[in-house]
Every structure is written in C-alpha cells, then in structure tokens.
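Step one of this worksheet: look at the structure below.
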Amino acid sequence: MPPLGAVLLALVVTLIATQYLKLQLLRRRYPPGPTPLPIIGNLWTLKCELRYETLMQLAKTYGNTFTLWLGQSPAIVLNGCQAIRNTLMTHSEEMAGRPATPIFERLSRGKGVVFSSGENWKQQRRFSLMILRNLGLGKKSLEGQIAEVAQNLVESFASNKGIALDPEPILAQSVANVTSAVVFGHHFSKDDNGFHQFIEGSNSTARFLGSVWARLFDAFPRLMELLPGPHQTVFRLNDFQSRFVKEEIESHWEKIIPEEPQDFIDFYLTKLVKGSDDATTTFDQDNLIRLAIELFGASIETTTSTLCWALLYMMTQPDIQEKVQKELDAVLDESPVIQYEDRKRLPYTNAVIHEIQRYCNIQGMGIFRQVVKDVSLLGYTIGKGTIVIPNLPSAMFDPECWKTPHQFNPANFLDKEGHFVTNEAFLPFSAGHRMCLGERLARTEIFIFFTSLLRAFTFRIPEGVMDINMGYMPGAILKPYPYKICAIPH
C-alpha cells in the first residue's frame with residue numbers, strides 16, 4: 001500500500017492536470033491568447049502586474065483582440081485604435097457594464113456612476129449629464145467661473161516672483177475650486193482642513209486603485225478587511241468624504257429653492273423633492289453622495305495631472321512654448337478674457353494641448369468594462385459577465401494613426417497647412433457609453449488654465465537643475481514625478 005503522502009501528491013497532480021485540460025478546452029471559446037495555468041491563469045505572464053506596455057507586446061503575438069485569464073476568469077483585451085473603437089462603439093450598449101469587484105463594491109456600494117452598472121448606472125448617468133448641461137456646461141456662465149479661477153491661478157504664480165515652486169498644489173486648488181462651484185455652489189478656503197482631507201480622499205483612492213494593494217483586496221477581501229495597510233487609510237478617507245458631502249446636503253436642504261437650483265446638489269435634491277411613482281427609481285441620498293465624490297475624483301486628479309504634464313513639457317520644450325506664446329499674442333491681442341471658443345482660432349496651441357493629453361496618457365488603461373449581454377466578436381460569442389480591457393494607450397500610440405507615435409510632437413494634430421485636425425485614435429476620455437462624464441468640463445478647464453498661464457508666463461527650469469525625471473509615477477492616474485518650475489512674467 002503506497003504511503004499517504006504519495007497518494008495525496010497523486011491526487012493533487014490529477015486535480016491540477018484535470019483543471020489544466022478543462023481550461024484548455026474552455027479557452028477555445030474565446031479569442032487566442034497566452035496559455036493560462038490552473039488557478040493563476042496568465043498572472044505568470046503579466047508578472048502579477050497589468051501594464052499597458054505588456055498588453056501591447058502581447059498583441060504583436062496574438063493580435064489586437066486577445067484573451068487573458070485573470071485567475072480562472074477570461075478577459076478580452078482590445079488593443080489598437082480600430083479594435084477599441086469598433087468594439088466599444090459598435091457594441092457600446094453590450095460593453096457598458098462594470099465588473100463588480102470587491103474593491104469597487106467596498107468603495108461605492110453599487111452607487112454612483114463610475115463603479116455601478118445596470119439601471120442604477122443608466123439613471124444616474126443620464127440625470128447627471130442633464131444637470132451638468134443645465135449648470136451651463138459649454139455655456140458662458142460656467143466658463144465665466146473657470147476664467148475667474150484662472151485669473152486667481154495666474155496671480156498665485158505671480159506672487160512667487162519667479163522663484164522655483166512646485167506647481168501641483170496651486171493647480172490642484174484651482175481645479176478643486178471649479179469642481180466645488182459646480183457640485184457645492186461655493187469655494188472653500190485654501191486653509192480649510194476638512195476640504196483638504198476631502199481632496200486627499202480622492203487622491204488616495206486614485207493612487208490605491210493602481211497599486212498591488214487593490215489587487216490583493218480583490219483576491220482576499222475578507223482577510224484584507226482585517227489586516228492593516230494603505231487600504232484602511234483609503235476606506236477611512238472614503239467614509240470621511242461621505243460624511244463631508246452629507247453635511248453639505250443638509251446645508252442645502254435648509255436653503256434650497258426648488259424652482260431655482262444653483263448647483264449639482266440643488267438639482268439632485270429638487271429631483272428628490274418631486275419624487276417618483278416609478279418603483280424602479282434609483283434616486284436617493286446615497287447615490288447623490290457617491291456622485292459628488294466621483295465628480296471630484298474624476299476631475300481633480302486627472303485635470304491637475306494633465307496641467308502638471310503641460311507645464312513640465314513647456315519647461316523642457318522651450319521652442320514649443322515660444323510658438324504657443326507667439327500664437328496667443330498674435331490672436332488674442334488685448335482680449336481680457338480667454339474663452340473655450342478661442343481654441344478654433346489657435347490651431348497650434350490646440351494641437352499642443354491635445355498632444356499633451358495623448359502623449360502623457362494620464363488614464364493608463366482606465367477602468368475595465370463588463371459584457372452585460374452575449375455579444376458576437378470576431379466570430380466568438382462572448383458571454384454576459386466577461387471582463388473587457390480596452391487598452392486605451394495602444395490607440396494613443398498606434399503607429400498606424402500617428403505621425404510620430406512615440407515622440408512628443410504637436411504636428412500629430414496639424415495638417416500640412418498648420419490647421420488643427422482631429423484624430424479618431426485620440427481617446428483620453430475613453431469611448432462608447434462609458435465615456436468620461438465630465439469630458440467637456442475637463443476640456444474647458446485645461447484649455448483656459450493652460451492658455452492663461454502661457455499668456456502670462458514663460459516657464460523655465462530652475463537654475464542648477466541638470467536632470468528632470470520625465471517618467472510617470474505608478475497609480476490609477478499616471479502623474480509626473482514632483483518637480484519645481486520658475487514662472488517668469490511674459
């Protein structure tokens with residue numbers, strides 16, 4: 001009779017071999033990809049880290065639509081402009097789900113727009129877009145507020161009198177002021193500790209979602225809830241954000257005039273006052289709290305990071321900076337206020353801004369999608385619940401779509417005559433039904449803030465600085481490493 005250890009070993013080997021064969025049969029239902037192993041899937045191929053560069057390399061072997069196995073779960077990767085657009089635009093409705101991962105559920109409880117799916121997502125997104133339009137998104141009323149904040153931003157830079165400074169805190173405060181005006185209807189003092197903690201909640205969440213700690217929480221949620229770590233800090237700040245917004249809501253209830261809503265919270269509360277006979281309605285205070293948090297999270301980190309990259313590239317590319325300034329001086333002349341509409345008269349400046357967004361690629365891969373109903377893709381039937389990974393950077397660096405995909409070059413958005421041209425591979429806000437909710441707000445802020453600063457200052461490398469790190473910090477939002485800059489009056 002064989003010893004017990006040998007029996008157990010044979011049993012384990014048999015189970016693993018059986019699981020391996022089942023996995024090989026199952027993968028025939030999906031587009032080709034690297035061979036998965038039992039239990040860990042393709043984690044060995046990815047080295048336990050999902051990076052867009054790795055996915056672009058795998059696409060060279062398996063094609064622009066291939067399958068990765070995240071453990072025992074298949075995920076369809078879309079690589080390159082055509083694969084992403086053809087899938088997300090043609091099958092926009094089918095690809096509109098969001099994976100219900102433990103970390104997403106822990107942060108949002110299925111509320112809001114970013115991490116939710118189904119009827120809740122549809123109703124909250126539709127109504128949020130309507131609120132943003134009613135608040136003047138794209139109209140001069142909101143532009144006026146952005147222009148006012150931009151002027152304060154210029155004054156903040158000027159007060160430093162050309163001495164080297166870290167631009168991120170100043171930029172973040174300005175972006176936060178715009179979002180605060182939209183959501184809360186007022187600004188907070190730069191010395192308000194509660195608001196600083198609220199913003200830190202958004203920043204910490206963005207950093208955390210791009211870290212290995214988030215992957216560990218998804219793998220072992222019950223265990224991680226009990227263990228210390230950065231996830232506990234994120235959860236604590238997330239709870240603080242909820243309390244912060246709830247206090248704002250209570251303040252709005254005391255002074256709201258339903259016929260004259262002034263901000264996002266007012267519009268939403270007016271909806272709650274009117275009520276609904278629809279038994280399937282998802283409108284409640286918990287959704288409002290989550291939406292407010294998401295609007296800050298989606299705007300502050302992304303817009304601030306884009307502007308930080310913008311100043312970094314102007315500082316290190318003085319010839320491009322000079323061309324922008326010459327165009328601004330020639331076209332705007334003595335115009336006291338810069339408007340978003342001015343971009344049509346500033347082709348080179350507009351091209352530079354777009355190239356910053358393309359090349360710096362702050363969103364990385366963005367958030368995964370999930371198939372909400374069976375869909376046919378490349379002759380395969382992709383079942384409901386399958387994860388979809390749109391590798392957005394692969395479109396932004398697609399060699400078939402750009403003149404110099406791996407070089408910072410505003411000519412990527414200019415024709416031979418110097419006119420600005422759009423490009424379908426430009427996808428910083430994603431595509432399909434899951435496009436960024438605040439796209440227009442972000443575009444307007446970036447344009448007005450950038451042009452206001454370049455019109456007022458020439459940005460230079462501080463004296464004595466010989467080496468500047470042009471790489472990005474890891475995280476859900478790809479930010480530049482901290483740097484200092486000199487703003488010399490132009």
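Quick notes
- Principal-axis tilt of helix 439-456 within the chain, Cα atoms, nearest 10 degrees: 40 degrees
- Relative compactness, segment 377-418, computed as alpha-carbon Rg over 2.2 N^0.38 Å: 1.79
- The chain, accessible surface, carbon-and-sulfur percent (1.4 angstrom probe): 56 percent
- Structural descriptor for the chain: relative contact order 23 percent, calculated from alpha carbon pairs under 8 angstrom and at least 6 residues apart.
- Two-decimal ratio, segment 163-211, of alpha-carbon radius of gyration to 2.2 N^0.38 Å: 1.26
- Using R0 = 45 Å, the C-beta based FRET efficiency linking N134 and E200 works out to 0.90.
- In this simple spin-label approximation, K122 and D284 carry label points 7 Å from Cα along the Cα→Cβ vector, and these lie 1.9 nm apart.
- Separation in nanometres of the label points that stand 7 Å from Cα toward Cβ, at K484 and S73: 4.6 nm
- On full extension, the segment bounded by Q262 and F240 gains 5.5 nm, given 0.36 nm per residue less the C-alpha separation.
- Cβ-derived FRET efficiency at R0 22 Å, K403 paired with T90, nearest 0.05: 0.20
- Between T422 and A158, the contour length at 0.36 nm per residue exceeds the alpha carbon distance by 91.6 nm.
- Angle in degrees between helix 4-26 and the longest Cα principal axis of the chain, rounded to the nearest 10: 60 degrees
- Mean projected area of the convex hull spanned by the Cα atoms of segment 99-185, taken over all viewing directions: 7.9 nm².
- Between segment 65-135 and segment 202-232, the alpha-carbon center distance in angstrom: 21 Å
- Structure-based [θ]222 nm, the chain - -39500 (n - 2.57) summed over DSSP H runs of at least 4, per residue, nearest 500: -17000 deg cm²/dmol
- Highest average packing first - 472-480, 349-357, Cβ atoms within 10 Å: 349-357, 472-480
- Shape call, segment 27-105: gyration tensor on alpha carbons, a/c limit 1.5: oblate
- Taking a Cβ cut-off of under 13 Å around Y483, the surrounding Lys, Arg, Asp and Glu residues balance to a net charge of 0, with basic ones at +1 and acidic ones at -1.
- Shape call, segment 342-490: gyration tensor on alpha carbons, a/c limit 1.5: prolate
- Kirkwood Rh in Å, taken over all unlike Cα pairs in segment 255-361: 17.7 Å
- Rounded Å value of the spacing that divides the Cα centres of segment 412-456 and segment 272-302: 27 Å
- Percentage relative contact order, segment 166-257, counting C-alpha pairs under 8 Å, at least six apart: 25 percent
- For segment 403-485, the spherically averaged projection of the C-alpha convex hull amounts to 8.1 nm².
- In this rough spin-label picture, where each label sits 7 Å from Cα along the Cβ direction, the F220-D415 distance is 5.9 nm.
- Protection proxy ranking, highest mean first, for peptides 192-199, 330-337, 453-460: 453-460, 192-199, 330-337, where packing is the per-residue count of other beta-carbon atoms within 10 Å, averaged.
- Computed over neighbours whose Cβ is under 12 Å from that of D374, the net charge equals +2, Lys and Arg +1, Asp and Glu -1.
- Computed with a 1.4 Å probe over protein heavy atoms only, the accessible surface of the chain comes to 47 Å² per residue.
- A 1.4 Å probe, protein heavy atoms only, puts the accessible area of F283 near 40 Å².
- Were the residues from K60 through V331 laid out at 0.36 nm apart, the gain over their Cα-Cα distance would be 93.1 nm.
- Using the Cβ-Cβ distance between M473 and E247 with R0 = 41 Å, the FRET efficiency computed as 1/(1 + (r/R0)^6) comes to roughly 0.80.
- Cα-based shape type of segment 221-292, given that a ≥ b ≥ c are square roots of the gyration tensor eigenvalues and the cut on a/c is 1.5: oblate
- Magnitude of the charge dipole for the chain, about its Cα centre and with charges confined to Cβ atoms of Lys, Arg (+1) and Asp, Glu (-1), is about 1780 debye.
- Relative to the longest principal axis of the Cα atoms of the chain, helix 52-62 runs at roughly 50 degrees.
The values are calculated or read from the model by the stated rules, or taken from the named source; none is laboratory data. This structure is a prediction, so every number in the text was calculated from the model and none was measured. Using ideal geometry, Cβ is built from the backbone for each residue, glycine included, and neighbour counts are taken over all protein chains shown. In case anyone asks, the SASA skips ligands and DNA or RNA and just uses the protein heavy atoms, side chains included. Shrake-Rupley method; radii C 1.70, N 1.55, O 1.52, S 1.80 Å.
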